[in-house]
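Please read the structure below before turning to the comments.
The values are calculated or read from the model by the stated rules, or taken from the named source; none is laboratory data. Quick caveat: nothing in here was measured; it's all calculated off a predicted structure. Using ideal geometry, Cβ is built from the backbone for each residue, glycine included, and neighbour counts are taken over all protein chains shown. For the accessible areas, the whole protein counts, side chains as well, though only heavy atoms, and no ligand, DNA or RNA atoms are used. Shrake-Rupley method; radii C 1.70, N 1.55, O 1.52, S 1.80 Å.
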Amino acid sequence: MPQVLEQADGQWAWVVLMACIVTQALTLGFPSCIGVFFTDLQRDFQATNSETSWFPSIMGATLHGGGPLCSILIKRFGCRVTMMLGGMLSSLGMVASCFSASLSQLFLTAGLITGLGMCFSFQSSIAVMGLYFVRRRPLANALASIGNSLGVTLWPLLARYLLEMLGWRGAFLIFGGILLHCCVCGALLRPVATHAVPEPKEDPSPPKTPTRSCLATCVSTIQYHLALDILRHNMGFCIYVVGVTWMMLGFPLPHIFLVPYAMHHGVDEYWAAMLMSVVGFCNIFLRPVAGLLAGRKSLAAYRKYLFTAAILVNGLTNLICTVSADFSVLLSYCLVYSLSMCGIGILIFEVLMDTVPMDRFPSALGLFTVLCGVASLISPPLAGLLLDTTNNFKSIFYASSFLLISASLFIGGGFYTEEKKKKLKQNGQAKVEDAISESAPMQGLTSEDKDGARKQVGPENICYVTSV
């Protein structure tokens with residue numbers, strides 16, 4: 001075991017925060033520049049929109065769907081080793097993609113290998129934030145998400161410049177060197193003394209035989225790391241996972257198709273790439289302010305509803321692109337879109353932390369990212385197929401709006417119904433306890449008998465409330 005060096009909420013936590021900002025800029029913000037290479041990849045490999053869309057979808061799916069494997073590595077080796085391993089894998093995948101002779105090879109190198117490496121680095125940064133910050137966790141998560149905004153701002157501009165100077169193969173080679181900086185960020189993650197991720201426990205219901213079979217052990221391990229027990233017994237977590245998975249079918253589509261949409265309607269390539277940079281640039285300043293607001297104790301109980309409102313606004317905002325493809329209209333869209341994207345970005349993991357216990361957060365994050373990864377895998381190819389069928393980019397934004405609006409209504413309605421049931425159950429329990437206390441025969445008893453009666457009632461009430 002590594003030697004404990006740091007305390008939660010200490011001075012080194014802010015160094016870790018800076019490392020997480022850089023890591024999220026390098027990993028989570030990277031897919032925003034894929035749209036810059038979309039047309040060149042389609043031309044060089046003579047592929048359709050649907051076939052080319054598999055490249056960002058595989059990368060995005062692996063980035064999110066490698067959560068269970070990342071959770072196992074974090075529990076076994078810690079966040080530092082996992083993040084450094086992710087930096088090496090993502091760099092290796094981008095360097096190897098320079099020699100790809102077909103789209104299938106590009107799917108394996110830049111899609112699968114790089115996406116898996118980004119997953120290790122990105123999710124390690126999320127997990128370590130929950131370990132290093134306790135009192136200022138909402139603010140820290142909001143500040144860490146600035147890294148995504150920085151990446152969305154800088155990656156498209158850098159990609160556009162490198163594509164003009166070196167082509168997409170040379171650009172991918174440079175990207176491989178840049179992604180190695182995740183290893184430097186991982187080296188800054190010293191072990192933390194408190195709130196460490198616990199080791200996996202055995203299945204609470206052991207088999208009848210004293211020795212467990214290999215199959216039973218594998219099933220128990222999979223259930224633990226995929227948080228299936230939480231999914232069965234925590235209705236709030238179930239609602240959140242299903243709703244966000246549905247949301248992820250439409251949320252990444254503007255990031256991929258906005259630049260090709262603008263270029264298709266005559267916007268200059270440089271200014272088309274600038275559109276996504278505007279979204280990221282606005283989020284750099286919006287996320288700290290939104291993090292301060294989300295971190296207020298008075299708003300803690302309403303974070304899930306603020307998250308729902310952000311999804312709803314994001315879905316409605318996508319309808320602006322269907323009005324016109326003029327640069328001024330698209331620029332207005334990006335400014336409004338950045339507001340809702342800011343709310344989603346700072347609250348998506350904060351609401352998850354509020355929904356599950358912190359000691360099970362890495363496992364819950366693993367299941368959460370697997371489902372989001374599946375959604376990210378099938379969403380871009382389906383959108384590309386829709387584009388090939390209709391030959392109209394507006395249909396993609398209509399589909400994205402429908403998915404986001406319906407997801408927001410499901411999440412908000414589900415959370416409201418769950419809270420209402422909890423209040424009814426608590427009120428019923430309170431009435432039962434009051435009836436028991438009032439019907440207890442206390443008359444004619446000595447003081448010692450009354451004390452004995454209280455001692456008998458007390459433990460039963462405590463056990464009852466604890467079991468609920």
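When you scan the stretch 440-460, do you find a residue that is modelled with pLDDT of 55 or more and either part of a helix (DSSP H, G or I) or open to solvent by less than 90 Å² (accessible area, probe 1.4 Å) (or both), even just one? Let's see the steps before the verdict.
Residues of the stretch 440-460 modelled with pLDDT of 55 or more: 440.
With the extra rule that they be either part of a helix (DSSP H, G or I) or open to solvent by less than 90 Å² (accessible area, probe 1.4 Å) (or both), the set shrinks to 440.
Scanning the stretch 440-460, I find at least one residue that is modelled with pLDDT of 55 or more and either part of a helix (DSSP H, G or I) or open to solvent by less than 90 Å² (accessible area, probe 1.4 Å) (or both), so the answer is yes.
Of all positions in the stretch 54-68, at least one carries a residue that is more than 25 Å from L163 (Cα to Cα), surrounded by fewer than 22 Cβ atoms within 10 Å (Cβ to Cβ) and at pLDDT below 85.
Scanning the stretch 366-399 for residues that are among the polar types (S, T, N, Q) and out of contact with any Ser or Thr (no Cβ under 7 Å at 6 or more places or on another chain), which turns out most open to solvent (accessible area, probe 1.4 Å)? Steps first, please.
In the first step, residues of the stretch 366-399 are kept if they are among the polar types (S, T, N, Q); the result is 369, 376, 379, 389-392, 395.
Those still in the list that are out of contact with any Ser or Thr (no Cβ under 7 Å at 6 or more places or on another chain) too: 369, 389-392, 395.
Numbers: T369: 3, T389: 106, T390: 63, N391: 124, N392: 68, S395: 25 Å².
Ranking the qualifying residues of the stretch 366-399, first place goes to N391.
Can you find a residue that is over 21 Å from A96 (Cβ atoms), buried (at least 19 other Cβ atoms within 10 Å of the Cβ), of a type in the set (V, I, T) and more than 21 Å from the chain's Cα centre (by Cα) anywhere in the stretch 175-187? Scanning the stretch 175-187, I find no residue that is over 21 Å from A96 (Cβ atoms), buried (at least 19 other Cβ atoms within 10 Å of the Cβ), of a type in the set (V, I, T) and more than 21 Å from the chain's Cα centre (by Cα), so the answer is no.
Based on what the data block shows, is F402 over 18 Å from C238 (Cα atoms), open to solvent by 10 Å² or more (accessible area, probe 1.4 Å) and in a helix (DSSP H, G or I)? Criteria met by F402.
For every residue, the table says whether it meets (1) open to solvent by 10 Å² or more (accessible area, probe 1.4 Å); (2) polar (S, T, N, Q); (3) closer than 21 Å to S32 by Cα.
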{"site": "P252", "(1), (2), (3)": "yes, no, yes"}
{"site": "D268", "(1), (2), (3)": "yes, no, yes"}
{"site": "N283", "(1), (2), (3)": "no, yes, yes"}
{"site": "S328", "(1), (2), (3)": "yes, yes, yes"}
{"site": "L352", "(1), (2), (3)": "no, no, no"}
{"site": "A364", "(1), (2), (3)": "no, no, no"}
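With respect to the conditions (1) within 28 Å of F120 (Cβ to Cβ); (2) modelled with pLDDT under 85, S324 falls short on a single one, namely (1).
Of the candidates V95, V81, V16, V36, the single residue that is buried (at least 24 other Cβ atoms within 10 Å of the Cβ), among the β-branched types (V, I, T) and more than 22 Å from L382 (Cα to Cα) is V16. Here F172 meets each of (1) at pLDDT 85 or above; (2) within 23 Å of the chain's Cα centre (by Cα) with one exception, condition (2).
At least 1 residues being closer than 27 Å to W246 by Cα is the threshold, and among the helices (runs of 4 or more DSSP H) wholly inside the stretch 19-123 those reaching it are 34-44, 49-65, 67-77. Scan the stretch 228-280 for residues that are under 21 Å from S338 (Cβ atoms), in a loop (DSSP other than H, G, I, E, B) and small (G, A, S) and the total you get is 1.
Return yes or no: is R212 in a loop (DSSP other than H, G, I, E, B), open to solvent by 20 Å² or more (accessible area, probe 1.4 Å), over 30 Å from D268 (Cβ atoms) and modelled with pLDDT of 75 or more?
Working: in a loop (DSSP other than H, G, I, E, B): yes; open to solvent by 20 Å² or more (accessible area, probe 1.4 Å): yes; over 30 Å from D268 (Cβ atoms): yes; modelled with pLDDT of 75 or more: no.
It is false that R212 is in a loop (DSSP other than H, G, I, E, B), open to solvent by 20 Å² or more (accessible area, probe 1.4 Å), over 30 Å from D268 (Cβ atoms) and modelled with pLDDT of 75 or more.
Filtered by the rule that a residue be among the small types (G, A, S) and open to solvent by 20 Å² or more (accessible area, probe 1.4 Å), the stretch 291-316 gives G295, S298, A300, A301, A309.
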